[in-house]
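Notes to accompany the following structure.
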Amino acid sequence: MRARSDVLESAILGLLHDSPMHGYELRKRLNLLLGSFRALSYGSLYPCLKSLAARGWISGSDASEAPAHALSGKRARIVYQLTAEGKEQFQTVLASSGPAAWEDENFGFRFAFFGQTDAETRLRILEGRRTRLTERLEMIRDSLSRTRVRMDEYTLELQRHGLDQVEREVRWLDDLIDHERRTRGARPSGDGDHADSRTNAVGADPAAQPQKERG
């Protein structure tokens, strides 16, 4: 659960880095930004804001002109903004590129802020994510080959669906990595199989990539 809390805290810092917001607007933006937090409640948001304020990373001020939301009609209308310490913390988050940034909980959030992340860090995160998914792909294929004879048709189809999803994301990451390398003037790796799709790689949704035809 700590990983989810860290992602929420970092996402709040990132959104407030763009501009100050009150709780209602923050919740709306977070629901759009973080797929895993689409059911984010005020009961989760406000304790997180309180924790960030206690660490000196954000500050809140009364803003009577801010619109009240349905669940907080009696709540003080507070607009939150980053402090200098909060800006430093967010820059520290953006500069990190270790294994935590590659995992499912963090990758979507980090990708959402790639526009504020330096090119070298972006590339390390993308390559790390591809490595992690390639390992997962090998595990799924191995499991499928060993157990498919014992599966009913629906379980088998579910396994194939999971395999397709990972394969699509790996192809998407390949395109993004090639794009980053070309942008930096480096020679792309591989044999150029992704050349046709690199131009529009950034911002693409891996789910929108065409599925590989199964034999």
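Quick note: the coordinates plus some simple rules give every number you see, no bench work behind them. None of the values given here were measured: they were computed from a predicted structure.
Table for the structure above
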read-out	value
Under-5 Å amide H pairs with residue 22, H placed in peptide plane, nonlocal only	80
Hull-based mean projected area of segment 118-185, where the convex hull spans the alpha carbons, in square nanometres	4.6 nm²
Computed over segment 9-58: relative contact order in percent, which uses C-alpha pairs under 8 Å that are six or more apart	34 percent
Extension gain from residue 145 to residue 28, taking 0.36 nm per residue of separation minus the Cα-Cα distance	37.8 nm
Relative contact order of segment 118-185, defined on C-alpha pairs under 8 angstrom at six or more residues apart (%)	56 percent
